[in-house]
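Single-structure report; data block below.
The values are calculated or read from the model by the stated rules, or taken from the named source; none is laboratory data. Keep in mind that this is a model prediction, so the values were computed, not measured. Here the Cβ positions follow ideal geometry from the backbone for every residue, glycine too, while neighbour counts run over all protein chains shown. What goes into the accessible areas is simple: the full protein's heavy atoms, side chains included, and nothing from ligands, DNA or RNA. Shrake-Rupley method; radii C 1.70, N 1.55, O 1.52, S 1.80 Å.
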Amino acid sequence: MAKPSPNFLQGLTACFGFPVAENPTQAMIEPAYKAMGLDWRYLTIEVLPENLAEAVKGAKAMGFRGFNCTIPHKVEVMKYLDELTPAAAKIGAVNCVAIKNGKLLGENTDGKGFLQSVREHRSVEGAKVVLLGAGGAARAIAVELALAGASHITVVNRSVERGLELEKRIQDQTSAKTAFVPWQGTFVPDKSVDLVVNSTSIGLFPDVDARIAVSLDQLSDDCIVCDVIPNPPKTNLMRDAQARGLRTLDGLGMLVNQGVIGIELWTDGQSPDPKVMRASLEAIFGA
Ligand code: NDP
């Protein structure tokens, strides 16, 4: 009997963005596929804003299992999808698309990835949160925290317009209480706060010496200080919180956890090993 022919057809996934060359997602997803025994690829693809519609059509035509979207496509891509998860609709942005039977489903895994990191340490139910920033990452984090039962979210942001917009979104889309505080000088969270989250880009490479204007002095010893910055994972905020004896969650945890959710969506529920993914990123970022 003839030997079965080898299979050269790989499962395809990707990240569409512009600029995207510095996005490390491929380096964490492909080792995860390998450890799962999947001969799949994750391509980093530069897609100009004016080419997004064609890129989405192309992914569908070529049988991609799905793709991530990063800057500047997270809102625009929603136009080209067949369905949104309820959370993605409330957040108003999609960073992960799954393609099943020719239909495109949009999800937002940023906030869910963050939530998973927190839940490894404490319940979110009833938590009082200070959220620094009101951009795309903040939006996803705020909505998911609120949907998971956080009781109060204080949004602190430099631009008043964006801060008010996020405050309104939390009020309209969830039952959490919220307040917006314009960021002037150093923000001082009080001792009743359970989570302080930096969701701004302050501290992102190459501005690694940047220091975020927040005081950790009054926080209780149980408070967890979180950062979304993946590169470098040890930001000044993480260092300062650790020096103060507080628990910290770095941006690599969120990045890995959102990647886990993406892989589960694309593979119909197969779970990758987050340790493999984190180790790949740590090797890159020298954590
Ligand atoms: P946006 O551009 O949408 O938002 C940036 C936010 O940072 C805004 O709130 C902006 O305030 C604030 N900001 C930037 N610079 C300053 C400054 N000097 N002083 C005060 N506020 C400032 O970006 P995203 O929300 O998409 O991304 C934010 C960060 O999150 C990035 O570093 C990104 O790498 C990270 N990220 C990490 C993920 C992970 O998995 N770990 C996933 C997604 C994002 P203003 O409104 O006033 O401009």
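Data overview
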quantity: For the chain, size of Cβ-based charge dipole, Lys and Arg +1, Asp and Glu -1, in debye; calculated: 360
quantity: Within the accessible area of the chain (1.4 Å probe), percent carbon and sulfur; calculated: 52
quantity: Mean separation of Cα contacts under 8 Å (6+ apart) over length of the chain, as relative contact order %; calculated: 16
quantity: Gain on full stretching of the segment that runs from residue 284 to residue 9 - 0.36 nm per residue minus C-alpha separation; calculated: 96.1 nm
quantity: At R0 = 30 Å, FRET efficiency that the Cβ-Cβ distance of residue 18 and residue 271 yields, to 0.05; calculated: 0.45
quantity: The chain - accessible surface per residue (Å², probe 1.4 Å); calculated: 48
quantity: Cleavage-rule hits, GluC sites (Glu not before Pro), region 134-180, DSSP coil, Cβ neighbours within 10 Å at most 12; calculated: none
quantity: Rounded tilt (10° steps) of 160-173 against the dominant C-alpha axis of the chain; calculated: 70
quantity: Reachable lysines from residue 191, criterion Cα separation under 29 angstrom, eight or more residues apart if same chain; calculated: 112, 128, 168, 177, 234
quantity: In region 17-91, the GluC sites (Glu not before Pro) that fall in loop regions by DSSP, at most 11 other Cβ within 10 Å; calculated: 22
quantity: 20 Å cut-off, amide nitrogen to a point 7 angstrom out along residue 209 Cα→Cβ, residues in region 224-249; calculated: 231-241
quantity: Span from the region 1-68 Cα centroid across to the region 153-218 one, whole angstrom; calculated: 35
quantity: Relative contact order (%) - region 28-110, alpha-carbon pairs under 8 angstrom, separation at least six; calculated: 23
